[in-house]
Protein chains: 2
Amino acid sequence: MELRHLHCFVAVAEELHFGRAAARLHLTQPHLSRQIRSLEVELGVQLFTRTKRQVQLTDAARVFLEDARRLLAQAEQAIQTVKQAARGEVGQLRLSFTGAALHGVVPALIQAFRERYPQVELTLQELCTVEQVEALRLGKVDLGFLHPPLTEQFLRLEPLLSEPLVIALRQDHPLAERSKLPLQALANEPFILHPRPEGPHLYDQFLGLCERAGFRPRVVQEVAMHQTVIGLVAAGIGVALIPASLQELLRSGVVYRAIEGPAPQLPLAAAFRPDQGASVLQVFLKVVREFVPPNLADPAECLPPIE
Amino acid sequence: MELRHLHCFVAVAEELHFGRAAARLHLTQPHLSRQIRSLEVELGVQLFTRTKRQVQLTDAARVFLEDARRLLAQAEQAIQTVKQAARGEVGQLRLSFTGAALHGVVPALIQAFRERYPQVELTLQELCTVEQVEALRLGKVDLGFLHPPLTEQFLRLEPLLSEPLVIALRQDHPLAERSKLPLQALANEPFILHPRPEGPHLYDQFLGLCERAGFRPRVVQEVAMHQTVIGLVAAGIGVALIPASLQELLRSGVVYRAIEGPAPQLPLAAAFRPDQGASVLQVFLKVVREFVPPNLADPAECLPPIE
DNA sequence: TAAACTAATGCCTGAGAGGCATTAGAAATT
DNA sequence: AATTTCTAATGCCTCTCAGGCATTAGTTTA
């Protein structure tokens with residue numbers, strides 16, 4: 001039995017007339033007669049009672065008709081679905097992102113993609129940059145939002161943006177009066193930083209900028225979670241560096257101040273394996289590129305030299 | 001696209017090896033390669049990435065695989081179902097029955113059929129004999145349990161049984177003391193009967209028997225529903241004739257007594273149109289025949305002559 | 001009785017299902 | 001580096017069957 005037979009059967013069952021059914025199928029009536037006959041023989045079931053003048057469905061055919069219609073519709077649907085899948089509009093995509101990426105363009109980007117391609121099943125996972133590189137290497141993740149630069153060569157990067165870090169201060173801190181702070185002003189402050197392994201480049205970049213400003217920062221606490229960092233600032237343990245977009249993590253008693261002069265920059269990029277031809281990934285990347293701010297044309301910009 | 005292509009696709013997708021897949025399908029590997037290629041061309045979708053050495057599914061193929069498996073399983077199922085339907089094990093059957101048939105073998109018969117052929121959808125409807133004949137004529141009912149004889153010729157009858165009628169009396173009626181009553185004993189009793197149009201044969205049979213016993217019964221009430229008849233007996237309005245199997249319609253204050261000598265008989269038969277080839281009907285009839293008591297071998301027995 | 005309608009039959013053609021032998025590129029082995 | 005092995009693809013063949021046209025054979029209508 002082939003789908004062709006089902007098409008023939010449904011047409012005859014609906015028209016109850018071999019001639020009209022054949023016209024509908026763009027076949028000749030004799031051929032259609034034979035198709036139906038061969039289907040009946042194969043099934044071992046009589047589907048129509050035909051007199052020379054009229055055609056009737058048997059009870060078995062009535063039962064079969066429902067199944068046949070459903071099968072044909074589902075076959076049609078399957079064809080549409082696989083075409084969509086080939087265009088990357090159906091399927092699954094495993095994403096990862098750093099905690100810092102959670103508060104910038106990334107959520108908006110993911111939401112936009114979700115709306116445009118609702119049939120793509122997204123898996124989301126928060127991982128730090130190094131964990132993401134490993135997950136991408138192992139093929140456990142298709143695309144990661146992480147913070148360059150990377151030493152790994154097997155990943156391709158799609159730079160998204162580079163945002164300056166700002167200083168988080170307790171509200172009653174003397175420096176909070178000023179709207180902008182040069183790094184030197186922080187020479188004697190106790191710092192709360194992210195652990196170096198979680199973002200070695202940012203860590204070293206900051207130390208380099210401090211050195212250029214003539215001091216070595218006093219680190220009193222190393223904490224991974226941004227929430228915790230800000231909590232410690234609120235508790236007066238020290239001051240902290242926070243990506244600008246994380247200022248939306250409001251907390252009473254904490255204020256944010258921009259850094260005057262060369263500020264540490266936290267670049268954000270989408271990383272993926274170029275060898276993965278997954279078309280869902282390609283579609284996602286197109287959306288990613290829409291969200292790249294125009295001033296990022298030159299990726300060099302997002303990584304100010306630190307000497 | 002034909003089911004054949006789906007079979008090929010699923011085999012290759014599961015084996016990830018054209019040679020093994022071809023063996024499974026009892027095809028040659030070159031032909032299978034071409035089938036897959038033609039499917040890909042028709043869909044406009046690449047399903048496999050093949051190097052000379054290994055075969056991999058594309059993302060689109062993974063999506064398609066689920067649909068293809070489901071389609072093949074459902075096609076197989078549809079074939080089984082239509083075969084069952086042809087054997088009369090699937091489908092629908094519209095039954096009708098008189099009120100009297102509701103209390104004898106008919107419910108047990110229907111239940112037995114239900115258990116044996118759960119995939120046949122039964123429609124049940126209570127109609128009197130003449131209504132059933134009309135419904136059968138119009139094709140609104142496939143089989144009816146009714147009371148012969150019929151004047152109509154277009155129906156075939158399958159006699160089921162013939163049961164004697166018994167007398168329903170109020171418990172405190174003087175005649176209730178005897179265990180059997182000759183008809184003559186009822187010569188002066190007020191009778192509650194079913195209206196003649198609902199069962200003309202039974203009505204006339206009873207009148208005939210009374211006449212032979214030397215009296216003409218005094219009918220005080222004509223009521224259709226058995227429940228109501230018995231209610232009237234309990235109320236002391238009169239005595240009534242009830243099919244023996246309806247004695248299970250117990251009601252305090254009412255007793256039943258057999259008739260001595262020739263008793264009116266209510267024959268029950270299954271009636272259907274022989275021109276309806278519906279195999280569900282044939283299967284049902286087989287069950288009906290199992291429920292015919294052996295002493296009914298000669299259908300003449302169930303209709304004692306009334307002169 | 002003739003005409004119209006309609007499913008089935010007979011016969012033909014060409015596409016393609018399916019087979020066999022072989023090629024060609026990759027991986028494993030020597 | 002050379003050889004062998006493995007495996008998908010190609011070339012070419014046959015023969016079935018999808019599908020067409022002309023016709024037949026019942027049935028209904030005029």
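Listing for the model above:
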quantity	calculated
Tally, over the range A:3-55, of residues that are within 7 Å of DNA strand D (Cβ to nearest atom) and either aromatic (Phe, Trp, Tyr) or under 48 Å from the mean Cα position of the chain (by Cα) (or both)	3
Yes/no for A:Arg114 being more than 14 Å from DNA strand D (Cβ to nearest atom), within 13 Å of chain B (Cβ to nearest Cβ) and either farther than 30 Å from A:Ala224 by Cα or part of a helix (DSSP H, G or I) (or both)	no
Criterion: at pLDDT 90 or above, crowded, with 18+ Cβ neighbours inside 10 Å, within 13 Å of chain B (Cβ to nearest Cβ) and in contact with a strand residue (DSSP E or B) (Cβ under 8 Å, 6 or more places away or on another chain) - qualifying residue of A:Leu3, A:Leu93	A:Leu93
Single residue of B:Arg137, B:Arg70 found to be on the phi < 0 side of the Ramachandran plot, more than 12 Å from the chain's Cα centre (by Cα), of a type in the set (Lys, Arg) and within 14 Å of chain A (Cβ to nearest Cβ)	B:Arg70
Residue within the range B:72-85 that is farther than 30 Å from B:Leu39 by Cβ, touching a strand residue (DSSP E or B) at 6+ places or on another chain (Cβ under 8 Å) and surrounded by fewer than 22 Cβ atoms within 10 Å (Cβ to Cβ) present	no
Tally of residues being within 16 Å of DNA strand C (Cβ to nearest atom) and touching a residue at least 40 places away in the same chain (Cβ under 8 Å) across the range B:51-67	2
The range A:96-127, residues that are polar (S, T, N, Q), closer than 21 Å to A:Arg273 by Cα and either over 11 Å from the mean Cα position of the chain (by Cα) or crowded, with 21+ Cβ neighbours inside 10 Å (or both)	A:Ser96, A:Thr98
The range B:15-50, residues that are near DNA strand C (Cβ under 9 Å from one of its atoms), out of contact with any Ser or Thr (no Cβ under 7 Å at 6 or more places or on another chain) and either without any contact (Cβ under 8 Å) to a residue 12 or more places away in the chain or at positive phi (or both)	B:His26, B:Thr28, B:Gln29, B:Pro30, B:His31, B:Arg34
Residue satisfying all of: in the range A:259-287; among the small types (Gly, Ala, Ser) and surrounded by 15 or more Cβ atoms within 10 Å (Cβ to Cβ); farthest from the other protein chains (Cβ to nearest Cβ) among these	A:Ala263
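Results for (1) within 11 Å of another protein chain (Cβ to nearest Cβ); (2) within 30 Å of A:Tyr117 (Cβ to Cβ), shown as yes or no for each residue.
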position	(1), (2)
A:Leu25	no, no
A:Thr28	no, no
A:Glu40	yes, no
A:Val45	yes, no
A:Gln54	no, no
A:Thr58	yes, no
A:Arg62	yes, no
A:Ala75	yes, yes
A:Thr81	yes, yes
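The values are calculated or read from the model by the stated rules, or taken from the named source; none is laboratory data. All of these numbers come straight from a predicted model, not from anything done at the bench. Here Cβ is always computed from backbone atoms with ideal geometry, including for glycine, and neighbour counts include all displayed protein chains.
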